[in-house]
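Data block below; observations after.
Taken together, the values in this text are just the output of simple stated rules run on the coordinates, not laboratory data. Since this is a predicted model, take the numbers as computed values, not measurements. Virtual Cβ from ideal backbone geometry, glycine too; neighbours counted across all protein chains shown.
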Amino acid sequence: MKKTSEFVSPKHPDKICDFIADSILDAYLEKDKESRTAIEVMGGHNLITINGEVASKSSPNIEKLVKEIVGQKYKIIINIAVQSPEIAQGVDKGGAGDQGIMKGYATNETPEYLPLEYVLARNLCQKIYTIYPYDGKTQVTIENGKVLTVVASFQNTKNAELLKLVKKIIKADEYLINPAGEWTLGGFDADTGLSGRKLIIDNYGPQISIGGGSFSGKDATKVDRSGAYMARYVAKNLIASGFGKEVFVSVAYAIGIVEPLMLEAINEKGEDLSEIVRKNFDFRPRAIIKLLNLRKPIFRQTAAWGHFGKENLPWERIEKIKKIR
């Protein structure tokens, strides 16, 4: 079976928007750890628009923060409202900040507990970016662990130089380097970006299903984010504790309700691990926030290179799980 995954650099317009959104979240959390935010960012062509809802005792200078990221030439439009009191009353009781389905996944095929094609595309993009810190994309297609095709398209690169670099990083049967031609106009100068649009890159690549909610700009009361982090944490720890080679976790919430409506986990053999999860892990929103310490301003670092497979993030740590059968 052929598998393909792509990755984008931190200078991709969507990723710049993610970084702005999570930088705003962190700015609120730095002064008020109970801040609740839902920030959406769109940017491009010298204009950044910021919309959303916030409930916080903090009042960071958002325009100053954004211009420090993108530069002084940008016009900044800020349209942030107060969070709905109807939503707040459910969250105040420890309920979920939204409804939805969250997915978690882990596999033992890489040290990062992530799919091989995803790791290869990310590693390639990271290594190119250290030489060419610009807008860019990579893509890797594999079959039975063998790399078939590599695509690399990076701003401000010469085809011959980029091909030489890519060949040093990864061996493949076929290389497509800047397939539309060499290019110098990238980032917000070329395209419009939107936060939360690179969901597959933020998760596990296109082979693995996800819940659908984006992470960027959302505090941990939003289970789109915290529930997905917890599901990943559980899946990874089930693998590390020997419950399978591949684990899928699903959890569902209703807005304002404390207990999840559904909690399921299975491994690659179809074995039901749900009871083991229920005995070992608490998926109530406040319990997740406490366990993973999600009140800290740690989120801007997730805007680049995906949200999983980074050892310094709390949902990536390994814990012992009771072997309940």
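Restricting segment 201-281 to GluC sites (Glu not before Pro) that sit in a DSSP loop and have at most 16 other Cβ atoms within 10 Å of their own Cβ leaves Glu268, Glu271.
Placing +1 on the Cβ of every Lys and Arg and -1 on the Cβ of every Asp and Glu, with no other charges, gives segment 14-87 a dipole of roughly 320 debye about its Cα centre. For Ile257, the residues 5 or more places off, or on other chains, whose built amide H falls under 5 Å of its own are Ala96. Take every Cα pair under 8 Å whose residues are at least 6 apart in sequence, average their separation, divide by the length of segment 14-87, and the relative contact order is 31 percent. Cross-linked pairs Lys67/Lys198; Lys31/Lys64; Lys218/Lys279: Cα-Cα separations exceed 25 Å for Lys218/Lys279. Within a straight-line Cα-Cα reach of under 23 Å, Lys146 can be paired with the following lysines, leaving aside sequence neighbours fewer than 8 residues apart in one chain: Lys2, Lys3, Lys127, Lys137, Lys164, Lys167, Lys168, Lys171, Lys245.
With R₀ set to 30 Å, the beta-carbon distance separating Glu319 from Lys245 gives a calculated FRET efficiency near 0.95. Figure legend: label point modelled 7 angstrom from the Cα of Gln126 along Cα→Cβ; residues of segment 1-36 with amide N under 16 Å from it are 6-11.
The trypsin sites (Lys or Arg not before Pro) of segment 244-302 that meet both conditions, a loop assignment by DSSP and at most 14 other Cβ atoms within 10 Å of the site Cβ, are Lys245, Lys269.
Each peptide in 37-46, 188-197, 226-235, 97-106 gets a packing score, the mean of other Cβ atoms within 10 Å over its residues, and the list from highest to lowest is 226-235, 97-106, 37-46, 188-197.
Annotation: for a label point projected 7 angstrom from Cα along Cα→Cβ of Glu30, residues of segment 58-98 with backbone N closer than 18 Å are 58-72. Residue by residue, segment 179-194 carries 3J(HN,Hα) couplings of x, 8, x, 4, 9, 10, 9, x, x, 5, 6, 9, 9, 8, x, 9 Hz when phi is fed to the Karplus relation 6.51 cos²θ - 1.76 cosθ + 1.60 (θ = phi - 60°); x denotes Gly or Pro. Given R₀ = 45 Å, FRET efficiency for Leu185-Gln99 by Cβ-Cβ distance, to 0.05? That gives a FRET efficiency of 0.65. When the chain is treated as a GNM with alpha-carbon contacts under 10 Å, the residue of Tyr253, Tyr204, Tyr129 showing the greatest mean-square fluctuation is Tyr129.
Computed over neighbours whose Cβ is under 9 Å from that of Thr107, the net charge equals -2, Lys and Arg +1, Asp and Glu -1. Along segment 31-41 the Karplus relation, 6.51 cos²θ - 1.76 cosθ + 1.60 evaluated at θ = phi - 60°, assigns HN-Hα couplings of 9, 8, 5, 8, 4, 10, 9, 9, 10, 10, 10 Hz to successive residues, with x for each Gly and Pro.
Bridges between two residues of segment 27-143, per DSSP, are antiparallel at a rate of about 55%.
The Kirkwood radius of segment 100-226, taken over pairs of alpha-carbon atoms, gives through the Stokes-Einstein law at 25 °C and 0.890 mPa s a diffusion coefficient of 151 µm² s⁻¹. Based on C-alpha pairs under 8 angstrom that are at least 6 apart in sequence, the chain has a relative contact order of 27 percent. Charge tally for Glu268 (other residues, Cβ to Cβ under 10 Å; Lys, Arg +1; Asp, Glu -1): 0. In this rough spin-label picture, where each label sits 7 Å from Cα along the Cβ direction, the Lys279-Thr192 distance is 5.3 nm.
Across segment 296-307, coupling constants 3J(HN,Hα) worked out from phi with the 6.51/-1.76/1.60 Karplus curve, θ = phi - 60°, read 7, x, 10, 8, 5, 5, 7, 5, 10, 6, x, 9 Hz, and Gly and Pro carry x. Ordering Pro285, Leu47, Val70 by Cα displacement along the dipole of the chain toward the positive end leaves Pro285 in first place; charges were set at the Cβ atoms of Lys, Arg (+1) and Asp, Glu (-1).
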